[in-house]
Amino acid sequence: MARIAVGGFQHETNTFAPLKASWADFERADAWPPFVRGPELIEAVEGFNIPIAGAVKTLLALDHQLVPLCWCSAPPSSYVEEEAYEKVAGWMVEDLRAQGPFDAVYLDLHGAMVAEHLEDGEGELMRRVRSVIGERIPLVASLDYHTNMTPEMVRHATAMVGYRTYPHIDMAETGSRAVRLLDRLLKDHRPLHKAYRQLDFLIPLVWQCTLMEPAKGIFELIAEVERGSDWSGEPTGSHNQGIVSITHTPGFPPADIAQCGPALVVYGHDKEAAESVADRLAGFIKEREPGFDGRLFSPDEAVVEAMRLARTATKPVLLADVQDNPGAGGTSDTVGLLRALIAHRAQGAVIGMIVDPAAAEAASAAGEGAMFERGIGAAVGFAGEEPVERAWRVVRIASGVFTGSGPMYGGAKFRIGPMALLTDEDSGVSAVLACRRIQAVDQEMFRHVGVEPSGVPILALKSTVHFRAHFQPIAETVLCVQSPGAHVTDPAELPYRNLRKGIRLRPAGPVHR
Ligand SMILES: [Zn+2]
């Protein structure tokens, strides 16, 4: 039995987005638990599909003694405010000092946090943790798929273990994998060599999905090599060339930091084998660079095509509003796609979530059946948009408190209300209003306001990729739409100032100079 400190601090920072992450954003619950510190952490995270929940469960099953630090997350947005970062990092360091010594530390980190005063939120956090625990104690972190893995992070962590799915259905499982590795390090006492590589091109989120190539094949290969096969899939025997763990993070492009972009790290007992696997894996990904590509529709093109398909389809046609994804820093209130649906009179179409707290509260106050004379959406006013004014009917109002049922958010306790379903009776288009920014990834978000997603002809979702986990199985097809949003799909359009020179701004795209 070992004495292990566990904690987490999660944020995905889109430095080009309009809203920053304040302390209040970390403190309150959304779909995930609110800020929690000390012994209550164990119970607070139980049952959620998040890394710390998987880590805690596995460590307890392995009979370790846990010392909870703190855990919190905030919805993806622009920079983490300095006050919020220093508060959380300060508590972690304080609790580590007060409650040590420890045999090991596990941290649940996103890996793409940028604070107002720091480019590399996780690298700096782990540096501070190291300054308390020293160099010899294992420090293992789990990471999101969208980590911008920096040299600083690699230096301070004994090992890091990343998600292998996008949509992320393996979040709790990744926490569990990370601490099984931690357990092995505690028992083995063998040093790990780290072979780290950065790739020289950015990959738009929309083409990072592991349900499609090339990401699918890359992660299949990683799992095979880690399991102990050689490059051709042939077993190499129990020694597995000494490879212990492989993590590849395709990166989070809308982050204006030097170390933005895809990277990988191979951990192994044999230095040469680890370096060789890292080179081969980097080469394998580079060969597939042009494959990270696909079609993006304009809102008008998408709606016309969706209406054509819906005439004969037996299942919903999905429109993914990929740039206004609140899971990547979008405001989830832009109205380009909503306006196109209304303009083309896409009868029966539903769009969600439109995050407009004032409109959601006003609709709730007006009550079901009422006519609702005001604009909706464009609450933040990104891209100079104006709210959509129609004669809306309030069809349904709801509390916004419900439990998710999909592969990502199953068991998550949503608190995003009040919510409302509004219909423009002239065009037959409906919109789901909510108060908190949350990505449209779980069918319960629609059922909560009386909409059965599988019965809708055209369903528009503010999400880039995560919606696919719960919605693709019920869909006829998916069209990706490029409408205004703070998550700009093509990094070549972003005004980087701090990104390192020489990296290509998209696969096979222009070089950043
Ligand atoms: Zn992610």
### Query
For Met113, are the conditions met, namely being within 16 Å of the ligand (Cβ to nearest atom) and in contact with a strand residue (DSSP E or B) (Cβ under 9 Å, 6 or more places away or on another chain)?
yes
### Summary
Checked Glu220, Glu173, Glu213, Glu152 against criteria (modelled with pLDDT of 95 or more, surrounded by fewer than 19 Cβ atoms within 10 Å (Cβ to Cβ) and within 16 Å of the ligand (Cβ to nearest atom)); the one match is Glu173
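This table checks each residue for (1) under 22 Å from Glu287 (Cβ atoms); (2) touching a strand residue (DSSP E or B) at 6+ places or on another chain (Cβ under 7 Å); (3) among the charged types (D, E, K, R); (4) crowded, with 20+ Cβ neighbours inside 10 Å.
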| site | (1), (2), (3), (4) |
| --- | --- |
| Ile474 | no, no, no, no |
| Ala486 | no, no, no, yes |
| Thr489 | no, no, no, yes |
| Ala492 | yes, no, no, no |
| Pro495 | no, no, no, no |
| Leu499 | no, no, no, yes |
| Ala508 | yes, no, no, no |
| Arg513 | no, no, yes, no |
### Failed item, numbered, when Pro76 is tested on (1) within 16 Å of the ligand (Cβ to nearest atom); (2) under 23 Å from Asn498 (Cβ atoms); (3) modelled with pLDDT of 95 or more; (4) not small (Gly, Ala, Ser)
(3)
### Query
Of these, Pro407, Pro418, which one is surrounded by fewer than 20 Cβ atoms within 10 Å (Cβ to Cβ), touching a Pro at 6+ places or on another chain (Cβ under 9 Å), in contact (Cβ under 8 Å) with a residue 24 or more places away in the chain and under 22 Å from Gly375 (Cβ atoms)?
Pro418
#### Entry: Of all residues in the stretch 427-449 being out of contact with any Asp or Glu (no Cβ under 9 Å at 6 or more places or on another chain) and under 18 Å from Glu361 (Cα atoms), the one that is farthest from the ligand (Cβ to nearest atom)
Val449
### Query
Out of the stretch 461-479, which residues are within 18 Å of Pro167 (Cβ to Cβ) and outside any helix (DSSP H, G or I)?
Leu461, Lys462, Ser463, Thr464, Val465, His466, Ala475, Thr477, Val478, Leu479
### Query
Which residues, taken from the stretch 223-257, are at pLDDT below 95, out of contact with any strand residue (DSSP E or B) (no Cβ under 8 Å at 6 or more places or on another chain) and either within 16 Å of the ligand (Cβ to nearest atom) or not in a helix (DSSP H, G or I) (or both)?
Asp230, Trp231, Ser232, Gly233, Glu234, Gly237, Ser238, His239
### Task
Kindly establish whether Leu341 is over 27 Å from the mean Cα position of the chain (by Cα), surrounded by fewer than 24 Cβ atoms within 10 Å (Cβ to Cβ) and under 20 Å from Phe471 (Cβ atoms).
no
### Task
Go through Arg374, Arg393, Arg436 for me and flag whichever is farther than 27 Å from Trp32 by Cα and touching a helix residue (DSSP H, G or I) at 6+ places or on another chain (Cβ under 9 Å).
Arg374
### Close pairs from the stretch 8-21: first buried (at least 22 other Cβ atoms within 10 Å of the Cβ), partner of a type in the set (Asp, Glu) and assigned to a strand (DSSP E or B), Cβ under 9 Å, at least 6 apart
Gly8/Asp108; Phe9/Asp108; Gln10/Asp108
### Task
Find the residue count for the stretch 471-498, including only residues that are more than 18 Å from Ile203 (Cα to Cα), out of contact with any Phe, Trp or Tyr (no Cβ under 6 Å at 6 or more places or on another chain) and hydrophobic (A, V, I, L, M, F, W, C).
4
### Summary
Within the stretch 155-170, residues being under 21 Å from Glu226 (Cα atoms), of a type outside the set (Lys, Arg), part of a loop (DSSP other than H, G, I, E, B) and within 16 Å of the ligand (Cβ to nearest atom) number 6
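The values are calculated or read from the model by the stated rules, or taken from the named source; none is laboratory data. Note that the structure is a prediction, hence the values are computed from the model and not measured. Methodologically, a virtual Cβ is constructed for each residue, glycine included, from the backbone with ideal geometry; neighbour enumeration extends over all protein chains shown.
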